[in-house]
Each structure stands twice: as structure tokens, then as C-alpha cells.
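The values are calculated or read from the model by the stated rules, or taken from the named source; none is laboratory data. Bear in mind that the values here come from a model prediction, so they are computed numbers and not experimental data. Note: ideal-geometry Cβ built from the backbone for every residue, glycine included; neighbour counts use all protein chains shown.
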Amino acid sequence: MRDRVRVVVQGKGRRAWHARRVGLAGALWVAGELAVTVGVVVMLLVVHQVWWTNRQALSAAHEVVRELEAGGWAPVPVEGEQEGEDPEASVGPTDGSDGSDGSGSSGGAPAGNPGPRTAKPPPRESAYGILRIPRLGVAVPVAQGVDKRSVLDRGYAGHYVGTAQPGAEGNFALAGHRNTHGEPFRYINRLRAGDELIVDVRGKRYVYLVGQMLAQTSERDTGVIAPVPRSAVTPGAGYSEPGAYITLTTCTPEYSSKYRLVVWGTLKR
């Protein structure tokens with residue numbers, strides 16, 4: 001009798017063990033399906049962010065360049081009168097690719113020569129000029145401000161409010177994305193001394209020549225966009241005499257917003 005009971009108990013144990021194994025296999029299958037689904041969703045998000053937004057912004061920016069070249073120029077902005085800008089905001093050289101608000105500021109900067117004045121400035125998101133970088137094959141619209149959503153994410157180069165206008169004494173300072181959203185400044189690290197940076201505004205052309213590059217600095221190194229650009233972080237980087245300068249700033253290393261890459265040029269006389 002005891003042997004028969006033992007046999008029955010063993011049979012129940014096998015069935016229970018088999019049921020547990022089937023349940024575990026099912027759970028692992030579900031977990032695997034979820035992992036694959038999540039992976040696909042993440043991959044699609046990456047493709048959208050890195051490829052699709054890039055394509056959209058680049059196409060739209062090229063269309064704006066064509067419109068400007070055809071004569072649809074916006075007025076040159078007036079210093080201190082830009083719509084939607086906060087002149088008290090602090091700034092650092094940024095291309096807006098960080099995870100906060102993308103700009104690090106709403107556009108304030110050390111004062112420079114405002115250049116030509118007009119009766120009514122364009123809206124912040126309106127492009128009013130074209131930056132051309134022949135070595136890189138880049139032609140990008142220039143708009144006022146470095147706001148991420150309304151300027152930089154549209155594939156534009158954003159003009160730091162408070163810095164000089166093109167061709168004027170002081171520092172014409174620009175920010176642009178290095179990755180995603182048109183990435184107009186992706187390869188500015190390839191520029192060399194003597195390369196041309198051409199700015200077209202309302203039928204006038206200003207040619208700057210690349211002079212110096214700062215491979216890495218803090219996002220709060222405001223000295224790089226001062227009227228006489230000079231790094232407050234890296235001794236000896238920048239200039240010491242007044243002149244007509246251009247500054248390009250973007251994030252570095254690629255796909256990161258930890259530091260800023262800076263290119264400086266001087267107006268060709």
C-alpha cells in the first residue's frame with residue numbers, strides 16, 4: 001500500500017514540474033516578444049531622430065536658401081528689438097542639441113556693433129541671410145536667435161542676439177547643430193586656416209577667412225562670442241585686437257552636448 005501511494009505522489013510531482021516548465025517557457029517567450037518590440041520601437045525612434053528629422057530640416061533649409069537667393073530677403077534685425085528674445089538671458093556657445101531647452105539661452109550675448117538698422121525687425125524664426133562654407137559644400141539660412149525649436153531645429157544657423165551684424169566691427173556669432181536637424185555644422189572641425197566663410201545678406205556679400213579653431217571648451221565660455229573673441233577657459237585661444245570677426249559654435253563630441261567646438265574667422269578686406 002505504501003508503494004502505491006509513493007507512485008501516485010511521484011506522478012503528481014512530474015506533472016507539476018512539467019507545468020512549471022511550460023509556464024516558465026511561456027513567460028520567457030512573452031519577455032522575448034516584449035524585448036523585440038521595445039527594440040524595434042527604439043530603433044524607429046533613433047531612425048526618426050537621426051535620419052528623418054535631418055532630412056526634413058535639410059530639405060526645408062535648402063528651400064529657404066532658394067527663396068532668399070530669388071530675392072525673398074527679410075529685413076536685417078535691429079539690435080535689442082528682436083521679437084520673443086530675452087536680452088537678460090545668460091548665454092553659452094551652444095547648438096541646442098542638449099536635452100534641456102536646446103539653446104542654453106534665448107539669445108542674449110555680449111554687445112557688438114549692431115550694424116544696419118531697419119524700422120521693423122523680422123520675427124525670430126525668419127531667415128534673413130545665407131552662410132556659405134565652400135569647403136564643406138554648405139549653404140544654410142541665418143536667422144536671429146539660438147532658440148532650438150524655432151531656429152536651430154529648422155536647420156538654420158542661429159545668430160546670437162547682441163553680437164555684431166555681418167560685415168560690422170565686432171563679432172558676428174552663430175550657432176548650429178552638429179548632429180540631427182540638418183546638422184549644418186557637422187564638419188566644421190574640418191575647416192582650415194584660410195578657408196572662406198561667406199555671408200550673403202540682402203544682396204551684399206561678406207567674406208571671412210578662417211583663422212583659429214578651439215577644439216573643445218565649456219558651454220559657458222562666453223568669451224568666445226565676445227566682440228573681441230577670446231576664450232575665458234583656454235589661455236591664448238582667440239584674439240586680442242578689435243576687428244570684424246565671425247564665430248561658429250556647435251556641440252562636441254558628436255552626438256553629445258558636453259562641450260563646444262568653436263571656429264573663428266576675420267573679415268576679408
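Annotations for the structure displayed:
- Condition check for residue 262: in a strand (DSSP E or B) and in contact with a Ser or Thr (Cβ under 6 Å, 6 or more places away or on another chain): yes
- Residue 245 vs. criteria within 18 Å of residue 159 (Cβ to Cβ) and among the aromatic types (Phe, Trp, Tyr): yes
- Scanning segment 230-243 for any residue that is in contact with a helix residue (DSSP H, G or I) (Cβ under 7 Å, 6 or more places away or on another chain) and among the β-branched types (Val, Ile, Thr) turns up nothing.
- The single condition among (1) part of a loop (DSSP other than H, G, I, E, B); (2) surrounded by fewer than 22 Cβ atoms within 10 Å (Cβ to Cβ) that residue 198 does not satisfy is (1).
- The combined condition, being crowded, with 23+ Cβ neighbours inside 10 Å, over 21 Å from residue 62 (Cβ atoms) and of a type in the set (S, T, N, Q), is not fulfilled by residue 222.
Residue-wise test of (1) buried (at least 19 other Cβ atoms within 10 Å of the Cβ); (2) within 19 Å of residue 179 (Cα to Cα).
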| residue | (1), (2) |
| --- | --- |
| 214 | yes, yes |
| 218 | no, yes |
| 227 | yes, no |
| 243 | no, no |
| 250 | yes, yes |
| 254 | no, yes |
| 257 | yes, yes |
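- Screening the candidates 211, 203 for the property of being touching a Ser or Thr at 6+ places or on another chain (Cβ under 6 Å) and either modelled with pLDDT of 95 or more or small (Gly, Ala, Ser) (or both) yields one hit, 211.
- Check on residue 254, in contact (Cβ under 8 Å) with a residue 24 or more places away in the chain, within 17 Å of residue 146 (Cβ to Cβ) and assigned to a loop (DSSP other than H, G, I, E, B): no
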